[in-house]
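Working notes, beginning with the structure itself.
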């Protein structure tokens with residue numbers, strides 16, 4: 001019994017999602033989420049809260065229709081693509097850097113069908129100006145991930161594409177276009193990756209089932225593969 005309990009504790013789930021509050025990470029062009037109390041005890045018989053936010057706020061999943069006209073919305077995505085094994089792949093990249101395959105320390109762990117979490121460490125900068133100067137994927141790396149037939153990527157930044165200050169005129173989000181165009185889902189603003197760094201992991205992403213939506217907030221969790 002002791003061994004069973006010990007193994008269970010070792011494989012405890014880690015929450016990879018940011019709390020949703022007015023300070024939740026977001027791209028600067030999006031309004032901050034707002035929260036209100038519609039009813040509250042003891043004046044009312046119950047407490048009821050209201051939330052107003054862009055679906056791409058905080059930890060969330062992009063549906064293919066976010067950038068591909070006529071593609072799947074979040075409610076049309078098969079749940080098998082949002083759960084399963086994968087890898088938390090350490091990335092050696094710095095401020096404003098566009099990184100390629102060579103920056104992926106644990107690239108040999110990536111398998112077909114994986115959820116690949118790209119850990120740059122930038123989640124530690126949430127709430128600071130540096131968070132907006134995050135590293136980003138190269139087009140070649142996006143194509144490599146498609147060629148590896150992964151099911152999803154997750155980044156600890158606001159986008160896998162280059163940050164706003166590096167975007168040229170006519171910028172068209174090439175990394176989003178390549179990944180979502182190939183059916184590779186994208187999760188953004190994941191956090192709390194230290195305990196899973198450089199490991200094969202079991203992952204679950206549970207986006208809200210919003211009909212017709214281009215994305216949804218998600219509760220994401222992971223634990224090491226036994």
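Evaluate region 92-104: report whether one residue or more is under 14 Å from the mean Cα position of the chain (by Cα), surrounded by 14 or more Cβ atoms within 10 Å (Cβ to Cβ) and touching a residue at least 12 places away in the same chain (Cβ under 8 Å). Checked against the condition, which is being under 14 Å from the mean Cα position of the chain (by Cα), surrounded by 14 or more Cβ atoms within 10 Å (Cβ to Cβ) and touching a residue at least 12 places away in the same chain (Cβ under 8 Å), region 92-104 yields no hits at all. Right, residue 48: surrounded by fewer than 17 Cβ atoms within 10 Å (Cβ to Cβ) and either touching a strand residue (DSSP E or B) at 6+ places or on another chain (Cβ under 7 Å) or modelled with pLDDT of 95 or more (or both) or not? Judged against the criteria, residue 48 is a match.
From the list 56, 66, exactly one residue is under 14 Å from the mean Cα position of the chain (by Cα), within 19 Å of residue 208 (Cα to Cα) and surrounded by 12 or more Cβ atoms within 10 Å (Cβ to Cβ). Which is it? Sole residue among the options that is under 14 Å from the mean Cα position of the chain (by Cα), within 19 Å of residue 208 (Cα to Cα) and surrounded by 12 or more Cβ atoms within 10 Å (Cβ to Cβ): 56. Per the conditions (1) loosely packed, with under 11 Cβ neighbours inside 10 Å; (2) under 21 Å from residue 191 (Cα atoms); (3) at pLDDT 95 or above, the sole criterion not satisfied by residue 43 is (2). When the test is whether a residue is touching a helix residue (DSSP H, G or I) at 6+ places or on another chain (Cβ under 6 Å), in a helix (DSSP H, G or I) and under 19 Å from residue 89 (Cα atoms), residue 123 does not pass it. Look at region 188-200: where a residue is on the phi > 0 side of the Ramachandran plot and in contact (Cβ under 8 Å) with a residue 24 or more places away in the chain and a partner is crowded, with 17+ Cβ neighbours inside 10 Å and in a loop (DSSP other than H, G, I, E, B), sitting 6+ places away or on another chain with Cβ atoms under 7 Å, you get 189/18; 189/25; 189/58; 189/59; 189/158; 192/16; 198/106.
Checking the stated criteria, residue 142 turns out not to satisfy the condition of being surrounded by fewer than 21 Cβ atoms within 10 Å (Cβ to Cβ) and either part of a strand (DSSP E or B) or touching a residue at least 12 places away in the same chain (Cβ under 8 Å) (or both).
When 44, 75 are screened for being more than 19 Å from residue 142 (Cα to Cα) and part of a loop (DSSP other than H, G, I, E, B), only 44 passes. Taking the numbered list (1) assigned to a helix (DSSP H, G or I); (2) within 16 Å of residue 59 (Cα to Cα); (3) in contact with a helix residue (DSSP H, G or I) (Cβ under 6 Å, 6 or more places away or on another chain) in turn, residue 157 passes all entries but (1).
When restricted to residues that are over 12 Å from residue 210 (Cα atoms) and surrounded by 19 or more Cβ atoms within 10 Å (Cβ to Cβ), region 69-80 contains 0.
The listed residues are 180, 130, and the only one of them that is on the phi < 0 side of the Ramachandran plot, surrounded by fewer than 17 Cβ atoms within 10 Å (Cβ to Cβ) and in a helix (DSSP H, G or I) turns out to be 130. For region 111-120, a residue qualifies if it is surrounded by fewer than 18 Cβ atoms within 10 Å (Cβ to Cβ) and in contact with a strand residue (DSSP E or B) (Cβ under 9 Å, 6 or more places away or on another chain), and the qualifying residues are 111, 113.
Take region 145-154 and flag every residue that is in contact (Cβ under 8 Å) with a residue 24 or more places away in the chain and either surrounded by 23 or more Cβ atoms within 10 Å (Cβ to Cβ) or out of contact with any strand residue (DSSP E or B) (no Cβ under 9 Å at 6 or more places or on another chain) (or both). First the steps, then the outcome.
So the first thing to find is which residues in region 145-154 are in contact (Cβ under 8 Å) with a residue 24 or more places away in the chain, and the list is 145-146, 148-154.
If the condition is that a residue be in contact (Cβ under 8 Å) with a residue 24 or more places away in the chain and either surrounded by 23 or more Cβ atoms within 10 Å (Cβ to Cβ) or out of contact with any strand residue (DSSP E or B) (no Cβ under 9 Å at 6 or more places or on another chain) (or both), then 145, 146, 149, 152, 153, 154 are the ones that fit.
Scanning region 49-71 for residues that are free of Cβ contacts under 8 Å to residues at least 24 places away in the same chain and either over 27 Å from residue 189 (Cβ atoms) or part of a loop (DSSP other than H, G, I, E, B) (or both) turns up 69, 70.
The values are calculated or read from the model by the stated rules, or taken from the named source; none is laboratory data. Computed from a predicted model, the values in this text were never measured in an experiment. We place every Cβ from the backbone using ideal geometry, glycine too, and count neighbours over all the protein chains shown.
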